[in-house]
Amino acid sequence: MALYQEQSLKFYNSMSGEKEIFTPINEGNVGMYVCGPTVYSNVHLGNCRTFISFDLVFRYLKHLGYKVRYVRNITDAGHLENDADSGEDRIAKKARLEQIEPMEVVQKYTVDFHNILQKFNNLPPSIEPTATGHIVEQIEIIKKILEKGFAYEANGSVYFDVIKFNKEHSYGKLSGRAIEDMIANTRELAAQSDKRNPQDFALWKKAEPQHIMRWPSPWSDGFPGWHLECTVMSTKYLGEEFDIHGGGMDLKFPHHECEIAQGEAASGKSPVNYWMHANMLTLNGKKMAKSTGNFILPEQIFTGENDVLTKAFSPNVVRFFILQAHYRSILDFSSDALLGSEKGFNRLMDAFHSIDDLEASQNTDFDIQGWKQTCYDAMNDDFNSPILIAKLFDAVKAINNIKEGSTSISESDKAELKKTMSAFMFDILGLVDSVSEANGDGEKLTGTIELLIRLRAEARNNKNFALSDQIRDQLQEMGIQLKDGKEGTSFSLN
Ligand code: AMP
Ligand code: ZN
């Protein structure tokens, strides 16, 4: 029996506003689409939070035994500076400023995106399609929407007719906005616009002469609208109806609302069964965003080269910090919060690595099976990683009690405890067991650190405290912690 048949997974569907039991369209299989980055700049930590949130979802679904097809796109065309239909293409603008080809911009920041997510130990998606690789499909779907009468052509551009669509379907149901309010709240249509109504959005835009990213189409040399690429790439690889669509909360409107409208207009079917939205990472209480300059780059955290933090933190600790908050809660980034996470992370890792050395007894007076189920219950309840982490700390407490002799554990339960903690910490939360990784690298690293520990001890004996502190601090910056104890100095990695 697959694990998903034993565990009842529920999660919050932004469409219904309720936690719902998850039932995929095809038993045992899950199709999941997540909006990927627009690759015109380095990803900031806010972007990473959203991708780590969905990595948790991907990992847990896989752990439950589902065969998951996870599609996450790369937006390499069509995303204009202004999220509505105006402004320069973000990638073309960067190319102009840096005097390089748009595809060089795309390549540079796609590589950066992959590097950073790999550092955070995110699993790669099953398919990572690009918008420019699907222009033909985008043109085809525009033709379909035109045929169904939900779009119109004007001066070489094609717009989605929101008012007409809303007469037969419902526009605004995901974000809970009524079309009447949208109409009342939008200012007059700009005089130069070809749109019939301000709510309409572009499916295809005719390129101005200076617009370099352009493709031929039946309507004009131009480029596709930003919302359309996600409709095309999700339905191409997952079908006209699929299980899960995710993205950051800020994409709910208009991006996801437009995706629903396009999908329904083209196929008559509602494309997504479960909508998931990850909440924002804030800095100084304000949304982290490229456009406002209120952001921090992951590399600035790993190296400590920034004004926000008092020291460097490893990707592992940053990932742990992110997962200590529920994905639907706002999370504020701060130096103190990261310091707290680092302490907790080290405590968790140390306890995990001490399991092997625990003295085994005849029997166990710690309810391992009961505790294990509480870990599953946390994840089954809307992927609640902070509760799961609290449960892992219950195990840390038990391990410490066993060390003190106030609790006992049998040899077989020791193995079960280790296996369960490992599954939740490494497979599901995606933390990295740096100690066993270092061992895997061979004894070289351990040998080098031990050498430095000996040199530091020598420096101390010679009262050269400046040097001994320098060794400790620089190792710390690299994520290597030295701990002085009764039996000498030990180290831990994170
Ligand atoms: P973009 O490259 O701007 O399209 O953003 C890529 C992803 O990052 C989207 O899913 C956004 O919702 C998400 N995102 C942007 N800013 C933040 C933030 N401050 N916190 C969490 N997610 C964010
Ligand atoms: Zn999207």
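The values are calculated or read from the model by the stated rules, or taken from the named source; none is laboratory data. Computed from a predicted structure; not experimentally measured. Every residue, glycine among them, receives a Cβ derived from its backbone with ideal geometry; neighbour counts consider all protein chains shown. To get the accessible areas, we keep the full protein, side chains included, count just its heavy atoms, and leave off ligands, DNA and RNA. Shrake-Rupley method; radii C 1.70, N 1.55, O 1.52, S 1.80 Å.
At a glance:
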quantity	calculated
From the options 116, 139, residue that is out of contact with any helix residue (DSSP H, G or I) (no Cβ under 7 Å at 6 or more places or on another chain) and at pLDDT 95 or above	139
Some residue of segment 167-178 being in the same structural domain as residue 264 (by TED's automatic domain parsing) and assigned to a helix (DSSP H, G or I)	yes
Residue among 33, 40 that is within 16 Å of ligand 2 (Cβ to nearest atom) and outside any loop (DSSP other than H, G, I, E, B)	33
Unmet requirement for residue 431, which otherwise passes all of (1) closer than 30 Å to residue 366 by Cα; (2) touching a residue at least 24 places away in the same chain (Cβ under 8 Å); (3) among the hydrophobic types (A, V, I, L, M, F, W, C); (4) part of a helix (DSSP H, G or I)	(4)
Some residue of segment 114-129 being under 29 Å from residue 201 (Cβ atoms), within 16 Å of ligand 2 (Cβ to nearest atom), in contact with an Asp or Glu (Cβ under 7 Å, 6 or more places away or on another chain) and not in a helix (DSSP H, G or I)	no
Residue list for segment 225-249, restricted to those being modelled with pLDDT of 95 or more and outside any helix (DSSP H, G or I)	239, 240, 241, 242, 243, 244, 245, 246, 247, 248
Among residues of segment 343-376, those that are in contact (Cβ under 8 Å) with a residue 40 or more places away in the chain, under 17 Å from residue 388 (Cα atoms) and among the acidic types (Asp, Glu), counted	0
Identity of the residue in segment 44-59, touching a helix residue (DSSP H, G or I) at 6+ places or on another chain (Cβ under 9 Å) and among the hydrophobic types (A, V, I, L, M, F, W, C), that ends up farthest from ligand 1 (Cβ to nearest atom)	56
Qualifying position, being over 16 Å from residue 254 (Cα atoms), among the hydroxyl-bearing types (Ser, Thr, Tyr), in contact (Cβ under 8 Å) with a residue 60 or more places away in the chain and surrounded by fewer than 19 Cβ atoms within 10 Å (Cβ to Cβ), among 157, 220, 193	220
Which listed residue is more than 22 Å from residue 57 (Cβ to Cβ) and either surrounded by 14 or more Cβ atoms within 10 Å (Cβ to Cβ) or in contact with a helix residue (DSSP H, G or I) (Cβ under 7 Å, 6 or more places away or on another chain) (or both), from 395, 378	395
Hits in segment 381-422 (condition: among the aliphatic types (A, V, I, L, M), assigned to a helix (DSSP H, G or I) and either under 20 Å from the mean Cα position of the chain (by Cα) or over 18 Å from residue 345 (Cβ atoms) (or both))	387, 388, 389, 398, 402, 415, 417
Residue among 33, 66, 12, 4 that is hydroxyl-bearing (Ser, Thr, Tyr) and within 16 Å of ligand 1 (Cβ to nearest atom)	33
Qualifying helices (runs of 4 or more DSSP H) (wholly inside segment 252-358; at least 2 residues being open to solvent by less than 40 Å² (accessible area, probe 1.4 Å) and closer than 30 Å to residue 235 by Cβ)	257-267
Qualifying residue in segment 126-143 (condition: in contact (Cβ under 8 Å) with a residue 12 or more places away in the chain and at positive phi)	no
Breaking point among (1) modelled with pLDDT under 95; (2) open to solvent by less than 20 Å² (accessible area, probe 1.4 Å); (3) in contact with a strand residue (DSSP E or B) (Cβ under 9 Å, 6 or more places away or on another chain), for residue 450	(2)
Complete set of residues in segment 79-99 that are more than 17 Å from residue 209 (Cα to Cα) and part of a helix (DSSP H, G or I)	94, 97, 98
Filter result for the condition that a residue is more than 22 Å from residue 354 (Cβ to Cβ), of a type in the set (Gly, Ala, Ser) and open to solvent by less than 60 Å² (accessible area, probe 1.4 Å), over 422, 468	468
Unique residue being of a type in the set (Val, Ile, Thr), crowded, with 22+ Cβ neighbours inside 10 Å and more than 30 Å from residue 159 (Cβ to Cβ) when the list is 39, 30, 106	30
All positions within segment 230-251 that are more than 14 Å from ligand 1 (Cβ to nearest atom) and surrounded by fewer than 22 Cβ atoms within 10 Å (Cβ to Cβ)	236, 237, 239, 240, 241
Among the residues listed as 49, 69, the single one being surrounded by fewer than 24 Cβ atoms within 10 Å (Cβ to Cβ) and more than 16 Å from ligand 2 (Cβ to nearest atom)	69
Selection within segment 6-16 - free of Cβ contacts under 8 Å to residues at least 24 places away in the same chain and more than 15 Å from residue 378 (Cα to Cα)	16
Test for residue 482: is it in contact (Cβ under 8 Å) with a residue 24 or more places away in the chain, in contact with a strand residue (DSSP E or B) (Cβ under 9 Å, 6 or more places away or on another chain) and not in a helix (DSSP H, G or I)	yes
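Every residue, every condition in (1) basic (Lys, Arg); (2) over 27 Å from residue 98 (Cβ atoms), yes or no:
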{"residue": "119", "(1), (2)": "yes, no"}
{"residue": "135", "(1), (2)": "no, no"}
{"residue": "140", "(1), (2)": "no, yes"}
{"residue": "144", "(1), (2)": "yes, yes"}
{"residue": "157", "(1), (2)": "no, yes"}
{"residue": "166", "(1), (2)": "no, yes"}
